[in-house]
1. Tally the residues that are out of contact with any strand residue (DSSP E or B) (no Cβ under 8 Å at 6 or more places or on another chain) and surrounded by fewer than 19 Cβ atoms within 10 Å (Cβ to Cβ), restricting the search to region 458-481.
2. Part of a loop (DSSP other than H, G, I, E, B), touching a residue at least 12 places away in the same chain (Cβ under 8 Å) and of a type outside the set (Gly, Ala, Ser), is that true of ARG382?
3. List, please: which pairs have Cβ atoms under 8 Å, are six or more places apart or on different chains, and start with a residue in region 147-158 that is closer than 16 Å to ALA331 by Cβ and in a helix (DSSP H, G or I) and end with one that is aliphatic (A, V, I, L, M) and modelled with pLDDT of 90 or more?
4. Anything in region 331-358 that is in a loop (DSSP other than H, G, I, E, B), over 11 Å from PRO283 (Cα atoms) and either out of contact with any strand residue (DSSP E or B) (no Cβ under 9 Å at 6 or more places or on another chain) or without any contact (Cβ under 8 Å) to a residue 60 or more places away in the chain (or both)? List them, or say none.
5. Is there a residue in region 390-400 that is assigned to a loop (DSSP other than H, G, I, E, B), within 25 Å of the chain's Cα centre (by Cα) and within 25 Å of THR438 (Cβ to Cβ)?
6. Is it the case, given these coordinates, that TYR284 is farther than 26 Å from GLN83 by Cβ and either within 14 Å of the ligand (Cβ to nearest atom) or of a type in the set (Phe, Trp, Tyr) (or both)?
7. Condition first: within 24 Å of ARG32 (Cβ to Cβ) and either among the small types (Gly, Ala, Ser) or buried (at least 23 other Cβ atoms within 10 Å of the Cβ) (or both). Can you find one or more residues in region 402-413 that meet it?
8. I'm told THR372 meets every condition in (1) surrounded by 21 or more Cβ atoms within 10 Å (Cβ to Cβ); (2) more than 21 Å from VAL99 (Cα to Cα); (3) in contact (Cβ under 8 Å) with a residue 60 or more places away in the chain except one. Can you identify the failing condition by its number?
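The values are calculated or read from the model by the stated rules, or taken from the named source; none is laboratory data. Not measured: the values here are computed from a predicted model. All Cβ positions, even for glycine, are placed from backbone atoms using ideal geometry, and neighbour counts span all protein chains on display.
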Amino acid sequence: MTMRRVIFCFLAVFFASIAAAQQYDLVIAGGRVLDPEGGLDAVRNVGIRDGRIVRVSAEALSGKRIIHAAGLVVAPGFIDLHQHGQDMASQRVKALDGVTTALELEIGAPDVAAFLRAKEGRSLINYGSSASHVAARALVFGAPLPAGTILPKSGPATDQPATPEQIEAMQKRLGSELDAGALAVGMGIQYTPGATRLEVIDMFRVAAGRGVPVYTHMRSAGRMEPGSAIEAVSEVIGAAAITGASLHIVHINSTCLRDSTECLAMVEGARARGLDVTTEAYPYIAGMTQINSALFNPGWREKLGIDYGDLVLPDTGEHLTRQRFEELHDASGSQMVLVFANTQEIVDQVIPHALVMIASDGIEGHPRNAGTFSRVLAQYVREKKTLTLLEAVRKMTLMPAQVLERSTPDARRKGRLQEGADADVVIFDAATIADRATFQKPMEPSVGVRFLVVGGTVVVDEGKVVEGVFPGRALLGRRSAVDVPAHNVPAGTF
Ligand SMILES: [Zn+2]
């Protein structure tokens, strides 16, 4: 072979391989691409191959499939740190709300290995769980949770203090749940009022020892002392300071109520002192929980500043009376109830706050399950204009991804629209995106999400959920205490 021919062959192979390299599995063409980490907000083409974003470019890209996204926003898929409904119906409405990852981190699944087994290969979107202190306590007290529930009925297992031996058994259980792949320790302290301050600190110690955060629904809501929301925030910030565990306070608005901005100032203060404390909220004035839980132990009306009539059954819209409440509170079934304890003014102050990320606390029966993310984009970005689009997207993507980085390095590839990131992408119309779920019709899907991509697979196509695809993958904790990194508070504020 002549030298010329060798060079020719080499060049032919070279250009052929470039052509192959430029052929992507999926190209999202001409959309307004937002990356909250790099601050990118420009028209770009996104090339996806093998489940990853491999190219973000102003140049045209060729792919096996092209999604034409001109006029649409292309953002990292939304990450919901707080999602209870893990069934397919909930996953479908989450997908139509722009969510690519929905994690049960507040309380946690009662059996993490069983949870992961049930979801593997059968999930539309990505999933994961914390290790449940509530379930560990129920187990240790000999009253394991009934199948399909995450909260116990109020009784000795929720209301009595534990012995040192029982506390140790709970710690062991949390350790084995973390071994099974849990991302964090989940605590619903209001649902286990018998847990002493020391028991709480001892559970934070498990998290600190494993280098994972504690996600917590705090001990109490409202203004009554002792037992105010301010006291509850002090308790968990104290436990974080004592143990060194990272702390994520869930739904700060629905626990702190009228003192929400004070609670946020406490979080801000703790962060300024070097503690790793983060928080979240959902954009609704009502909460929802199990009516036979310890949250409704005697004194709840005084504490929350509400009455029987502020409790509403989600299925029928029935406002409760004292008699009806007592009947349901004493029942063993897990009837859910809406709790109207907040005001629109408070929610409107909390959602735009720089420290607050968006998380739904989603569960069937409450519109937050289906509408949380679209509602923030519709109400706070488009109507009230108290958030920019990029700020709102940041609260739904980068901020929760950074919290998840405390649990797994895999989260560094989430919440970003960059080369090397996981191809979890939402493509929506910023002019029309809106929630449609209401307290009367809580499972009405949002409108405006045109496409959703999970790990490179299209799961929402032209506004419709694609049937028979299950690209959702588990996010798992680090499973062992070996490589526990030191967690510093990230530079700057969220
Ligand atoms: Zn909660």
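1. Residues that pass the stated criteria total 8.
2. In short, no.
3. Every condition considered, the pairs that remain are THR158/ALA138; THR158/ALA294.
4. Listed by number, the residues that qualify are ALA331, SER332, GLY333, GLN335, ALA354.
5. No, that holds for no residue.
6. no
7. no
8. All conditions pass for THR372, except number (2).
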